[in-house]
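This report concerns only the one structure given below.
The values are calculated or read from the model by the stated rules, or taken from the named source; none is laboratory data. The model shown is predicted, which means the values in this text are computed figures rather than measured ones. With ideal geometry, Cβ positions are generated from the backbone for all residues, glycine too; neighbour counts draw on all protein chains shown. Calculation scope for accessible area: heavy atoms of the full protein, side chains included, ligands and nucleic acids excluded. Shrake-Rupley method; radii C 1.70, N 1.55, O 1.52, S 1.80 Å.
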Amino acid sequence: MKAVDDRVNLLDYDEAGLRKYFEAMGEKPFRAQQVLKWIFHHYETDINAMTDLGITLRQQLATRVTIGLPEIVSEQKSADGTVKWLMGLPGGNAVETVFIPEAKRGTLCVSSQVGCALNCSFCSTGAQGFARNLSAAEIIGQVWQAARILGHERNGTRRITNVVMMGMGEPLLNFDAVISAMSLMRNDLGFGLAAKRVTLSTAGLVPAIYRLRECIDVALAVSLHAPVDDLRTTLVPLNRKYPIAELMQACRDYVSDKHKRTVTFEYTLMDGVNDSPEHAHKLVKLLRSVPSKLNLIPFNPFPGTHYRCSSKTRIIRFQEIVMAGGVIAIVRKTRGEDIDAACGQLVGKVRDRTRRSERLKLKREEMSI
Ligand code: SAH
């Protein structure tokens, strides 16, 4: 994030950017490695404490740079161990970051935008409207803060084993900042996570999926939610621009040269909307053409929504049909529901600039008359 003064925030740079920064200063590029180690391995944010930089360089840097992080506004713990933080940003906005511990892994769900502009009809983040993109520093800063609080690396085991860009926002609409932050998640000087452990989830921005493949090696998740265009467009309006056939082609291409790599499709099950046996059969046909896995997400309700979660029997029936069709499908356990940390429930504090939340409020008032 930009500091109030005009100093640059070092967290806005990945390793390559930092090397260039030092070179431009007339310094050796390896300074980048030293600084990254201090920040990500020792959680040091005071330039003056970075002793191997030499006193003159430290003094110079102190006037030119900051290491600015999102500020922890609140922390909530769910009965199931899930933790949700509200992270404050300059300008009065805030985003949410969620840690989901499981027996053998710990997943951190990270936000990429304040709010979201895509207006998916079943997502509460969309209902908040959109304020702005997060900077690279604000994205990697969420991981840094969570890692520090959790005591990330202890006795050789990691608390955060996976990062998913599945929090607030559409990551591919904030492309450069997201790539820079993910590059630090992957980098050994950063968090050192393997490609399959950093997942970008998209509502289906087709051209950016192709760009992503050229820029970085990470896992891809696609929010599908419907096997046919008409229905998908009502749920994910972006589908009008990039219909299912184009999206599937982009997914095939994304994994085409990657051994054993799959695309994860997310499918939120809503009662009477997209959860019939017929939908399941159509989904099987569609997914057969892409090396993939399917995550079935029971719909999480939020105030003001008219959608309801499918019944357990309908969810299981749906799963049985797709599995019988040869698709690997798991039903995602709802986590952190008691603290509104489940999928689609992240709202943060959005200073909406699209005025969507006001429009919605009006609509709701009209409906109740
Ligand atoms: N914009 C990206 C990243 C958000 S990921 C994307 O669409 O993929 C958040 C996931 O939760 C998406 O799959 C989204 O469709 C799903 N989701 C949104 N609202 C939900 C809700 N109310 N219940 C369950 N899942 C929801």
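Would you be so kind as to identify which of Phe40, Leu53, Val65 lies farthest towards the positive end of the dipole of the range 8-66, taking Lys and Arg as +1 and Asp and Glu as -1 on Cβ and the Cα centre as origin?
Result: Leu53, furthest along the dipole toward the positive end.
By how many degrees, 0 to 90 and rounded to 10, does the Cα axis of helix 312-324 deviate from the longest principal axis of the chain?
Between helix and principal axis, roughly 80 degrees.
I'd like the accessible area for Ser256: 1.4 Å probe, protein heavy atoms, all chains in place, Å² to the nearest 10.
Approximately 80 Å² for this residue.
What distance in nm separates the simple spin-label points at Ile55 and Glu75, each placed 7 Å from Cα in the Cβ direction?
It is 3.8 nm.
How much accessible surface area, in Å² rounded to 10, belongs to the heavy atoms of Leu231 with a 1.4 Å probe?
Per-residue accessible area (Leu231): approximately 30 Å².
With unit charges on the beta carbon (Lys/Arg positive, Asp/Glu negative), name the residue among Ala221, Trp85, Cys116 whose Cα is farthest towards the positive pole of the charge dipole of the range 71-362.
Comparing the listed Cα positions along the dipole, Ala221 ranks first.
Angle check, please: helix 206-215 long axis (alpha carbons) against the longest principal axis of the chain (alpha carbons), in degrees 0 to 90, nearest 10.
Roughly 40 degrees between the two axes.
Which listed residue (Ile179, Thr125, His152) has the Cα farthest towards the positive end of the charge dipole for the range 97-217, taking +1 on Lys and Arg C-beta and -1 on Asp and Glu C-beta about the Cα centre?
Checking the options against the dipole of the range 97-217, the answer is His152.
Based on Cβ point charges of +1 for Lys and Arg and -1 for Asp and Glu, what charge dipole magnitude is obtained for the range 313-355 about its Cα centre, in debye rounded to the nearest 20?
Roughly 240 debye, rounded to the nearest 20.
Taking the Cα atoms only, what angle lies between the long axis of helix 175-186 and the longest principal axis of the chain, rounded to 10 degrees?
For 175-186 against the chain, the angle is about 70 degrees.
Compute the relative contact order of the range 163-300 as a whole-number percentage, counting only Cα pairs closer than 8 Å that sit 6 or more residues apart in sequence.
In percent, rounded to a whole number, it is 21.
Below 18 Å, Cα to Cα, which aspartates and glutamates can Lys349 reach? Residues fewer than 8 away in the same chain don't count.
Those aspartates and glutamates meeting the cut-off are Glu71, Glu75, Glu96, Glu138, Glu170, Asp340, Glu358.
Among residues other than Ile315 whose Cβ falls under 15 Å from its Cβ, what is the net charge (Lys/Arg +1, Asp/Glu -1)?
+2
Per the chain: cysteines with no other Cys C-beta under 4.7 angstrom?
Unpaired cysteines in the chain: Cys109, Cys116, Cys215, Cys251, Cys309, Cys343.
Round to the nearest 10 and report in Å² the accessible area of Cys109, as given by a 1.4 Å probe over the protein chains' heavy atoms.
10 Å²
Looking at the range 71-362, send over the antiparallel percent of its DSSP beta bridges, to the nearest 5.
Details: 23 of 47 bridges.
That works out to approximately 50 percent antiparallel.
Under a Cβ-only charge scheme (Lys and Arg +1, Asp and Glu -1), can you give me the dipole magnitude of the chain about the Cα centre, in debye to the nearest 20?
Dipole about the Cα centre, nearest 20: 620 debye.
Take the chain, connect every pair of alpha-carbon atoms lying under 10 Å apart with a spring to form a Gaussian network, then pick out the residue of Gly344, Gly68, Gly151 with the largest mean-square fluctuation.
Among Gly344, Gly68, Gly151, the largest GNM mean-square fluctuation belongs to Gly151.
What relative contact order, as a whole-number percentage, does the range 8-66 give when Cα pairs under 8 Å and 6 or more residues apart are counted?
Contact order relative to length: 33 percent.
Sorting Asp275, Asp6, Asp229 by accessible area (1.4 Å probe), largest first, what list results?
I get Asp6, Asp229, Asp275, largest accessible area first.
So for the chain, averaging the separation of alpha carbon pairs under 8 Å that are six or more residues apart and normalising by length, what relative contact order in percent results? Provide the component values of the computation, followed by the final result.
On the way: 712 pairs, mean separation 63.1, N = 369.
After rounding, I find 17 percent.
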